[in-house]
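See below for the structure under consideration.
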Amino acid sequence: MIDPTRHRQLQELNMVELCTRILQNARNELYLNMRYLDISLSRLGFESDPSRGGLGTDGFVIFYNPDYLCGLYQRGRVLVNRAYLHMVLHCLLCHMDTRGKRGEKYWNLACDIAVESVIDGLYLKCIHIAGSLFRQDWYGRLRVKHPVLNAESVYQSLQDMDLTENQYQRLAAEFYVDDHSRWELPQEEPKIASERQNQWSENRDKLQTELETMGSHQDEESKSLLEHVQVENRERYDYRKFLKKFSVLREEMQIDQDSFDYGFYTYGLSLYGNMPLVEPLESKEVSRIEDFVIVIDTSMSCSGDLVRRFLEETYDVLCQSDSYFKKTNIHIIQCDEQVQDDMLITSREEMEEYMQNFTVIGQGGTDFRPAFEHVNQMVGRGEFHRLKGLLYFTDGEGIYPVKRPVYDTAFVFVKDQYTDISVPAWAMKLILEEGDLAE
C-alpha cells in the first residue's frame, strides 16, 4: 500500500522539477535572443512557494506558485518568457531600491508600466504579444511629457493625472505580472539590501557597456533598452554629498575611536617598558555644515509645491546627525524681486519648528540680486563665522548678479522645469529629477 504522505511528497517534488525546467527553458530562450542579458538572466535562482499565488522576486530568487506557473505555461510559453524578463528588468532598473518616499501603490504600477513598455518595444518572437489598444493609448499619453518611460517619470505622470480608483484598477490589471511584496528586505539586515543593490548596479553597468559597444550592429529593439539603462545609470546626486561642498573642518567634542592620545601612549611605554596606554581622543575633526544660506525663489513662475518639497528634502538632509554641527548659523531666505523673509536657524529644534509653520511668501517677479546683496551685507556685518556657500532653488528665469560673491554659489533646478541660459559661469548647477523631490 502506497503511503499517502510519501505519494504527496513525490508529486510535489515532480512539480518542482517540472517548474524548474520551465524556468530554465525560459531563461535559455531569452539568452539565445538577447545574449547581452546573459549575466543578468543567470543571477536569479528558483524557489517554490505554494503559500503565495503568482510569481515574484527579491532580487536573488524567483519565487513561484507551482500551480500558477504551470497554468501560465499552458496558456503560452511566451507568457513565461515575458514574466521572467519582467522580473529581471525590475532588478536591472533598480525598482526595488529607489521608491524613497513615493506611495507604494502607485510606485508598483509605475514600475510595471515602465518594464512592460521596454518588453513591448522588443519585437522578438520569444516575448512578443500584440498589445491591446488600451495599453497603446496609455503609452501614448505617458510619452507626451517623457519619451523614455522610466519608473520615476511614469509615477510623476500618474500623480499629475489624479486617477480615479476605477482607472487605477484598470491600469493595474492591464500591467500586472508579478508580486512585489518581497522587494522590501528586513531593515535589520542592511547588508543584504546593499549586496542586492551593488550586484544589480554592476550588472547594469556591464549591460550598458555591452549595448554601447554593439555600435552599428545594434538593432532598434536593443536601443530602446539602452535608453532605459542609460537613464538609470545617470549620475544620481547624493544630496548629502553635494551639501558637503559647503562644509568646514572643525573640532567637535566627541570620542574619536580612530585616534589615540600619544602622550598616554609614550607614558605607558616609559612606565611599563613594553605596554603602551591607549586612550581615544575626546575631540574629533569633522567636516560639516556650519554657516549656510538657502534662498528660495518664491516668484509666480516657481511652483509653491516644488518649493515646499525642495525645502523638505533639504531639511531631511540637514537633520542627519552627520551633516551639520550642533550649533549652526543657517539662513533660509525667501525672495522674488525682493527679500520677503529671512529666518535664522541655529538648532535642529528651530529647523523643525520652521518646517511645521512654513508658508511661501512672495509670488512677484524674479530678481536674484536682492538676495545676494542681503547676504553680502550680513557678511560685511560679521554675522557669519565662515560662510562657505549659498544654495538658490529656482526655475532660472530672472536677473543674475554680474560679480561673483566671496562664497560658493549653487543654483538648484528641477529637470524639464527650468532655463539655465543666463546662469553665470562662476555658479554651480545642480539639476534634480522631479521624482527626487517626490513626497
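Since every read-out is calculated from the coordinates, none of them should be taken as a lab result. The model shown is predicted, which means the values in this text are computed figures rather than measured ones. In this analysis, Cβ positions are derived from the backbone assuming ideal geometry, glycine residues included, and neighbour counts consider all displayed protein chains.
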- Query: Going out from 0 in 10 Å bins, what whole percent of all Cα-Cα distances in segment 103-219 drops into each bin?
  - Reply: 11, 34, 34, 19, 2
- Message: Using the alpha carbons of segment 12-105, what is the convex hull volume per residue in cubic angstrom, as a whole number?
- Response: 103
- Item | Ranked by how many other beta carbons lie within 10 Å on average, peptides 349-357, 84-92 from highest | 84-92, 349-357
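Could you work out the relative contact order of segment 27-115? I mean the mean sequence separation of Cα pairs under 8 Å and 6+ apart, divided by the number of residues, in percent. All intermediate terms of the calculation are to be shown ahead of the outcome.
Working: 77 pairs, mean separation 18.7, N = 89.
Computed over segment 27-115, the figure is 21 percent.
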- Note on the structure: Sorted largest first, the C-alpha extents of segment 4-234 along its principal axes in whole angstrom are 60, 45, 42
- Message: Using a 7 Å offset from the Cα along the Cα-to-Cβ direction at both Gln356 and Glu184, what is the distance between the two label points in nm, to one decimal?
- Response: 2.7
- Note on the structure: Checking rank on 101-110, 114-123, 376-385, with mean other Cβ inside 10 Å and highest first, the result is 114-123, 101-110, 376-385
- Message: For a 20 Å ceiling on Cα separation, which of these pairs sit above it: Lys223/Lys429; Lys245/Lys429; Lys388/Lys429?
- Response: Lys223/Lys429
